[in-house]
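Q: Have a look at the structure that comes next, please.
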Amino acid sequence: MDDDGASAPVPRRRRSRGKKQKKQRPFWQELPILIVIAAVIAALVVTFIGRPYVIPSQSMEPTLHGCPGCTGDRIYVEKLTYDFGDPKPGDVVVFVGPSGSWNKEYHTNRSSNVVARGVQNFFSFFGLVPPDENDLVKRVIAVGGQTVQCCDAQGRVMVDGKPLDEPYARYLYPYQPGLPFAVKTPMGLSINPIGREFGPVKVPEGNLWVMGDNRNESADSRAHQDDEFSGTVPVKDVRGKAVFKIWPPGRIGPVRSQDPQQN
(Lines give C-alpha, C1' and ligand atoms only; values in the text may rest on other atoms or scores of the structure.)
Protein backbone atom coordinates (compact mmCIF):
# COMPACT_ATOMS: atom_id res chain seq x y z
CA MET A 1 0.00 0.00 0.00
CA ASP A 2 1.05 3.63 -0.57
CA ASP A 3 1.63 6.04 2.26
CA ASP A 4 -1.88 7.42 1.74
CA GLY A 5 -3.37 3.93 2.09
CA ALA A 6 -4.10 3.34 -1.65
CA SER A 7 -3.22 -0.03 -3.09
CA ALA A 8 -0.26 -0.05 -5.56
CA PRO A 9 -1.09 -1.32 -9.09
CA VAL A 10 0.10 -4.84 -9.80
CA PRO A 11 2.52 -4.81 -12.79
CA ARG A 12 1.46 -6.95 -15.70
CA ARG A 13 3.76 -9.72 -16.84
CA ARG A 14 5.66 -8.56 -19.92
CA ARG A 15 5.01 -10.49 -23.05
CA SER A 16 8.08 -11.72 -24.86
CA ARG A 17 8.32 -9.89 -28.16
CA GLY A 18 11.24 -11.97 -29.46
CA LYS A 19 10.79 -15.00 -31.67
CA LYS A 20 10.86 -18.38 -30.11
CA GLN A 21 14.42 -19.76 -30.07
CA LYS A 22 15.05 -22.46 -32.65
CA LYS A 23 15.93 -25.73 -31.07
CA GLN A 24 19.54 -26.70 -31.82
CA ARG A 25 20.12 -30.01 -33.57
CA PRO A 26 22.10 -32.63 -31.73
CA PHE A 27 25.72 -32.99 -32.82
CA TRP A 28 25.19 -36.45 -34.33
CA GLN A 29 22.71 -34.91 -36.77
CA GLU A 30 25.04 -32.06 -37.72
CA LEU A 31 28.14 -34.26 -38.14
CA PRO A 32 27.24 -35.61 -41.63
CA ILE A 33 26.61 -32.06 -42.85
CA LEU A 34 29.98 -30.91 -41.51
CA ILE A 35 31.72 -33.87 -43.18
CA VAL A 36 30.14 -33.05 -46.55
CA ILE A 37 31.13 -29.38 -46.26
CA ALA A 38 34.71 -30.33 -45.34
CA ALA A 39 34.87 -32.79 -48.28
CA VAL A 40 33.65 -30.16 -50.75
CA ILE A 41 36.21 -27.64 -49.47
CA ALA A 42 39.00 -30.26 -49.72
CA ALA A 43 37.99 -31.11 -53.30
CA LEU A 44 38.01 -27.43 -54.30
CA VAL A 45 41.43 -26.92 -52.71
CA VAL A 46 42.90 -29.96 -54.51
CA THR A 47 41.37 -28.93 -57.84
CA PHE A 48 42.20 -25.23 -57.86
CA ILE A 49 44.83 -24.41 -55.20
CA GLY A 50 47.20 -27.34 -54.65
CA ARG A 51 47.85 -30.73 -53.11
CA PRO A 52 50.62 -32.78 -51.46
CA TYR A 53 52.85 -35.16 -53.41
CA VAL A 54 55.41 -37.77 -52.39
CA ILE A 55 58.95 -37.63 -53.81
CA PRO A 56 59.32 -40.96 -55.63
CA SER A 57 63.10 -41.16 -56.18
CA GLN A 58 66.53 -39.73 -55.39
CA SER A 59 66.67 -37.65 -58.58
CA MET A 60 66.28 -34.34 -56.72
CA GLU A 61 68.80 -34.96 -53.92
CA PRO A 62 69.85 -33.04 -51.93
CA THR A 63 67.05 -30.51 -52.52
CA LEU A 64 64.31 -33.12 -52.07
CA HIS A 65 64.76 -36.39 -50.27
CA GLY A 66 63.54 -39.69 -51.69
CA CYS A 67 65.15 -43.08 -52.21
CA PRO A 68 64.36 -46.80 -52.01
CA GLY A 69 63.96 -47.98 -48.42
CA CYS A 70 63.72 -44.55 -46.83
CA THR A 71 61.05 -41.97 -46.09
CA GLY A 72 60.57 -39.68 -49.05
CA ASP A 73 59.72 -36.01 -48.61
CA ARG A 74 56.11 -34.95 -48.81
CA ILE A 75 55.88 -31.65 -50.63
CA TYR A 76 53.05 -29.20 -51.15
CA VAL A 77 52.52 -28.23 -54.77
CA GLU A 78 50.47 -25.14 -55.53
CA LYS A 79 48.65 -24.47 -58.81
CA LEU A 80 47.69 -20.80 -58.57
CA THR A 81 51.06 -19.45 -59.77
CA TYR A 82 50.70 -21.09 -63.17
CA ASP A 83 47.12 -19.89 -63.59
CA PHE A 84 48.67 -16.47 -64.21
CA GLY A 85 51.90 -17.42 -66.00
CA ASP A 86 54.13 -20.24 -67.19
CA PRO A 87 56.92 -21.99 -65.26
CA LYS A 88 60.22 -20.11 -65.16
CA PRO A 89 63.84 -21.31 -65.11
CA GLY A 90 64.74 -22.52 -61.63
CA ASP A 91 61.21 -23.53 -60.63
CA VAL A 92 60.83 -27.00 -59.12
CA VAL A 93 57.76 -28.44 -60.81
CA VAL A 94 55.62 -31.56 -60.61
CA PHE A 95 54.41 -32.83 -63.98
CA VAL A 96 52.80 -35.93 -65.38
CA GLY A 97 55.18 -37.90 -67.61
CA PRO A 98 54.47 -37.13 -71.29
CA SER A 99 53.25 -40.07 -73.34
CA GLY A 100 56.02 -42.31 -74.58
CA SER A 101 59.38 -43.09 -73.05
CA TRP A 102 58.71 -41.25 -69.75
CA ASN A 103 56.14 -43.88 -68.78
CA LYS A 104 57.81 -47.14 -69.77
CA GLU A 105 58.54 -48.20 -66.19
CA TYR A 106 55.44 -46.72 -64.58
CA HIS A 107 52.96 -49.08 -62.94
CA THR A 108 49.53 -48.02 -61.72
CA ASN A 109 49.14 -47.46 -57.98
CA ARG A 110 45.53 -48.64 -58.09
CA SER A 111 44.24 -51.98 -56.81
CA SER A 112 43.16 -54.66 -59.29
CA ASN A 113 39.99 -55.06 -57.21
CA VAL A 114 37.17 -53.02 -58.75
CA VAL A 115 35.68 -51.94 -55.41
CA ALA A 116 39.04 -51.04 -53.86
CA ARG A 117 40.01 -49.13 -57.01
CA GLY A 118 36.77 -47.17 -56.83
CA VAL A 119 37.46 -46.26 -53.20
CA GLN A 120 41.00 -45.15 -54.12
CA ASN A 121 39.71 -42.97 -56.96
CA PHE A 122 37.10 -41.46 -54.64
CA PHE A 123 39.64 -40.50 -51.99
CA SER A 124 42.06 -39.25 -54.66
CA PHE A 125 39.44 -36.67 -55.63
CA PHE A 126 39.82 -35.18 -52.15
CA GLY A 127 43.63 -35.36 -52.09
CA LEU A 128 43.83 -38.26 -49.64
CA VAL A 129 45.24 -40.77 -52.17
CA PRO A 130 47.84 -40.02 -54.89
CA PRO A 131 46.46 -39.61 -58.43
CA ASP A 132 46.79 -42.57 -60.78
CA GLU A 133 49.43 -41.05 -63.04
CA ASN A 134 53.19 -40.94 -63.44
CA ASP A 135 53.92 -37.75 -61.51
CA LEU A 136 57.55 -36.60 -61.59
CA VAL A 137 59.43 -33.71 -60.02
CA LYS A 138 62.32 -31.85 -61.67
CA ARG A 139 63.77 -28.37 -62.00
CA VAL A 140 63.10 -26.16 -65.02
CA ILE A 141 66.37 -25.37 -66.80
CA ALA A 142 65.20 -23.83 -70.08
CA VAL A 143 61.89 -22.73 -71.57
CA GLY A 144 60.36 -22.52 -75.04
CA GLY A 145 62.58 -20.91 -77.68
CA GLN A 146 65.83 -21.41 -75.74
CA THR A 147 68.65 -23.76 -76.73
CA VAL A 148 70.18 -25.97 -74.05
CA GLN A 149 73.31 -28.11 -74.17
CA CYS A 150 76.26 -29.37 -72.18
CA CYS A 151 79.03 -28.62 -71.63
CA ASP A 152 81.42 -25.69 -71.48
CA ALA A 153 85.08 -26.22 -70.55
CA GLN A 154 84.13 -26.48 -66.87
CA GLY A 155 81.37 -29.01 -67.44
CA ARG A 156 78.53 -26.54 -66.97
CA VAL A 157 75.14 -26.69 -68.70
CA MET A 158 74.59 -23.83 -71.14
CA VAL A 159 71.45 -22.06 -72.29
CA ASP A 160 71.68 -19.95 -75.43
CA GLY A 161 75.47 -20.31 -75.21
CA LYS A 162 75.78 -18.99 -71.64
CA PRO A 163 76.90 -21.25 -68.78
CA LEU A 164 74.52 -21.65 -65.85
CA ASP A 165 75.18 -21.03 -62.17
CA GLU A 166 73.70 -24.09 -60.45
CA PRO A 167 74.64 -24.34 -56.75
CA TYR A 168 71.78 -26.82 -56.19
CA ALA A 169 73.16 -29.36 -58.71
CA ARG A 170 75.04 -32.41 -57.46
CA TYR A 171 77.49 -34.35 -59.63
CA LEU A 172 79.00 -37.56 -58.28
CA TYR A 173 81.91 -37.58 -60.72
CA PRO A 174 84.22 -34.87 -62.10
CA TYR A 175 83.61 -33.70 -65.64
CA GLN A 176 85.24 -35.86 -68.30
CA PRO A 177 85.07 -34.23 -71.77
CA GLY A 178 83.81 -36.44 -74.57
CA LEU A 179 81.50 -38.62 -72.43
CA PRO A 180 77.88 -38.17 -73.55
CA PHE A 181 75.00 -38.49 -71.11
CA ALA A 182 73.32 -41.04 -73.35
CA VAL A 183 74.11 -43.04 -76.48
CA LYS A 184 71.43 -44.01 -78.98
CA THR A 185 71.13 -47.76 -79.52
CA PRO A 186 68.60 -49.93 -81.42
CA MET A 187 66.75 -50.34 -78.09
CA GLY A 188 66.61 -46.59 -77.43
CA LEU A 189 68.86 -44.35 -75.36
CA SER A 190 71.48 -46.04 -73.19
CA ILE A 191 72.37 -43.77 -70.26
CA ASN A 192 75.98 -43.31 -69.21
CA PRO A 193 75.89 -42.46 -65.46
CA ILE A 194 79.17 -40.53 -65.57
CA GLY A 195 78.54 -38.71 -68.87
CA ARG A 196 77.34 -35.12 -69.10
CA GLU A 197 77.36 -34.03 -72.72
CA PHE A 198 74.14 -33.60 -74.67
CA GLY A 199 72.52 -31.34 -77.24
CA PRO A 200 72.24 -28.72 -78.44
CA VAL A 201 68.43 -29.00 -78.16
CA LYS A 202 66.09 -26.14 -79.01
CA VAL A 203 63.11 -26.24 -76.67
CA PRO A 204 59.80 -25.99 -78.59
CA GLU A 205 57.47 -23.14 -77.68
CA GLY A 206 55.11 -24.20 -74.91
CA ASN A 207 57.57 -26.79 -73.58
CA LEU A 208 60.22 -27.02 -70.85
CA TRP A 209 63.64 -28.64 -70.51
CA VAL A 210 63.79 -30.17 -67.02
CA MET A 211 66.62 -31.80 -65.06
CA GLY A 212 67.00 -33.37 -61.63
CA ASP A 213 69.36 -31.74 -59.14
CA ASN A 214 71.05 -35.13 -58.62
CA ARG A 215 72.54 -35.12 -62.10
CA ASN A 216 74.03 -38.63 -62.19
CA GLU A 217 70.84 -40.23 -60.84
CA SER A 218 68.12 -38.50 -62.83
CA ALA A 219 66.35 -39.82 -65.93
CA ASP A 220 65.22 -36.34 -66.96
CA SER A 221 64.94 -34.53 -70.30
CA ARG A 222 68.40 -35.79 -71.25
CA ALA A 223 67.19 -39.39 -71.14
CA HIS A 224 64.24 -38.81 -73.49
CA GLN A 225 65.78 -36.92 -76.39
CA ASP A 226 64.53 -39.49 -78.87
CA ASP A 227 60.83 -38.92 -78.13
CA GLU A 228 58.43 -36.63 -79.99
CA PHE A 229 59.31 -33.58 -77.87
CA SER A 230 63.11 -34.16 -77.88
CA GLY A 231 62.97 -34.77 -74.14
CA THR A 232 61.05 -31.61 -73.30
CA VAL A 233 57.85 -31.48 -71.26
CA PRO A 234 54.71 -29.65 -72.46
CA VAL A 235 53.66 -26.87 -70.08
CA LYS A 236 50.12 -28.31 -70.14
CA ASP A 237 51.46 -31.43 -68.38
CA VAL A 238 52.73 -29.43 -65.39
CA ARG A 239 50.63 -30.04 -62.26
CA GLY A 240 52.07 -27.20 -60.20
CA LYS A 241 55.03 -25.62 -58.44
CA ALA A 242 56.66 -27.27 -55.42
CA VAL A 243 56.75 -24.65 -52.66
CA PHE A 244 57.09 -26.42 -49.31
CA LYS A 245 58.35 -29.63 -47.71
CA ILE A 246 55.66 -30.73 -45.27
CA TRP A 247 57.07 -34.08 -44.08
CA PRO A 248 59.08 -35.47 -42.30
CA PRO A 249 59.22 -32.92 -39.45
CA GLY A 250 62.99 -32.64 -39.56
CA ARG A 251 62.91 -31.44 -43.18
CA ILE A 252 59.95 -29.05 -43.08
CA GLY A 253 60.76 -25.89 -44.98
CA PRO A 254 60.41 -24.01 -48.27
CA VAL A 255 61.42 -25.39 -51.67
CA ARG A 256 63.35 -22.53 -53.20
CA SER A 257 63.34 -21.51 -56.85
CA GLN A 258 66.65 -20.19 -58.13
CA ASP A 259 66.97 -19.00 -61.71
CA PRO A 260 70.26 -20.50 -62.97
CA GLN A 261 70.29 -18.11 -65.92
CA GLN A 262 70.68 -15.06 -63.66
CA ASN A 263 74.43 -14.99 -63.15
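The values are calculated or read from the model by the stated rules, or taken from the named source; none is laboratory data. This is a predicted model, so every value here is computed, not measured. Glycine gets a Cβ as well: all are built from the backbone with ideal geometry, and neighbour counts include every protein chain shown. Note: areas computed on protein heavy atoms with side chains; ligands, DNA, RNA excluded. Shrake-Rupley method; radii C 1.70, N 1.55, O 1.52, S 1.80 Å.
Q: Could you identify the single residue in Val36, Val40, Val46 that is in contact (Cβ under 8 Å) with a residue 40 or more places away in the chain and among the β-branched types (Val, Ile, Thr)?
A: Val46
Q: Looking for something of a type outside the set (Phe, Trp, Tyr), modelled with pLDDT under 95, touching a Phe, Trp or Tyr at 6+ places or on another chain (Cβ under 8 Å) and surrounded by fewer than 17 Cβ atoms within 10 Å (Cβ to Cβ) - is there at least one such residue anywhere in the range 128-137?
A: Looking for residues that are of a type outside the set (Phe, Trp, Tyr), modelled with pLDDT under 95, touching a Phe, Trp or Tyr at 6+ places or on another chain (Cβ under 8 Å) and surrounded by fewer than 17 Cβ atoms within 10 Å (Cβ to Cβ), one finds at least one in the range 128-137, hence yes.
Q: So, one more: Could you please find all residues in the range 225-255 being part of a loop (DSSP other than H, G, I, E, B) and without any contact (Cβ under 8 Å) to a residue 12 or more places away in the chain?
A: Ile252
Q: Only one of these conditions is not met by Arg256: (1) under 18 Å from the mean Cα position of the chain (by Cα); (2) surrounded by 15 or more Cβ atoms within 10 Å (Cβ to Cβ). Which number is it?
A: (2)
Q: Now, a different point. Sort out which residues of the range 125-153 are part of a loop (DSSP other than H, G, I, E, B) and aliphatic (A, V, I, L, M), and write them in order of number.
A: Leu128, Val129, Ala153
Q: Additional query: Here's a check for you: in the range 85-107, which residue that is modelled with pLDDT under 95 and among the aromatic types (Phe, Trp, Tyr) is most open to solvent (accessible area, probe 1.4 Å)?
A: Ranking the candidates gives Tyr106 first.
Q: Anything in the range 228-238 that is open to solvent by 30 Å² or more (accessible area, probe 1.4 Å) and modelled with pLDDT of 95 or more? List them, or say none. Before the answer, list the steps.
A: Step one: list which residues in the range 228-238 are open to solvent by 30 Å² or more (accessible area, probe 1.4 Å), which gives 228-230, 235-236.
Within the range 228-238, Val235, Lys236 qualify.
Q: Determine, yes or no, whether Gly188 is closer than 25 Å to Arg215 by Cβ and open to solvent by less than 50 Å² (accessible area, probe 1.4 Å). Quick ask: steps written out before the conclusion?
A: Values: closer than 25 Å to Arg215 by Cβ: yes; open to solvent by less than 50 Å² (accessible area, probe 1.4 Å): yes.
Taking the combined requirement at face value, the residue satisfies it.
Q: Go through the range 199-244 and give me each residue that's more than 27 Å from Gly50 (Cβ to Cβ) and among the hydrophobic types (A, V, I, L, M, F, W, C).
A: Within the range 199-244, Val201, Ala223 qualify.
Q: Taking the criterion of being touching a His at 6+ places or on another chain (Cβ under 9 Å), outside any helix (DSSP H, G or I), closer than 30 Å to Arg139 by Cβ and at pLDDT below 70, would at least one residue in the range 66-84 satisfy it? Working first, answer last.
A: Of the range 66-84, the ones touching a His at 6+ places or on another chain (Cβ under 9 Å) are 71-73.
Now narrow it down to the ones that are outside any helix (DSSP H, G or I): 71-73.
Those left that are additionally closer than 30 Å to Arg139 by Cβ: 71-73.
Restricting the remaining residues to those that are at pLDDT below 70 gives 71.
Checked the range 66-84: at least one residue is touching a His at 6+ places or on another chain (Cβ under 9 Å), outside any helix (DSSP H, G or I), closer than 30 Å to Arg139 by Cβ and at pLDDT below 70.
Q: With the structure loaded, tell me whether Arg215 is open to solvent by less than 20 Å² (accessible area, probe 1.4 Å) and more than 20 Å from the chain's Cα centre (by Cα) or whether it fails that test. Please lay out each step first, then the result.
A: Values: open to solvent by less than 20 Å² (accessible area, probe 1.4 Å): yes; more than 20 Å from the chain's Cα centre (by Cα): no.
Judged against the criteria, Arg215 is not a match.
Q: Within the range 115-124, is there a residue that is in a strand (DSSP E or B) and open to solvent by less than 30 Å² (accessible area, probe 1.4 Å)?
A: The first filter runs over the range 115-124 and keeps only residues in a strand (DSSP E or B), leaving none.
Looking for residues that are in a strand (DSSP E or B) and open to solvent by less than 30 Å² (accessible area, probe 1.4 Å), one finds none in the range 115-124, hence no.
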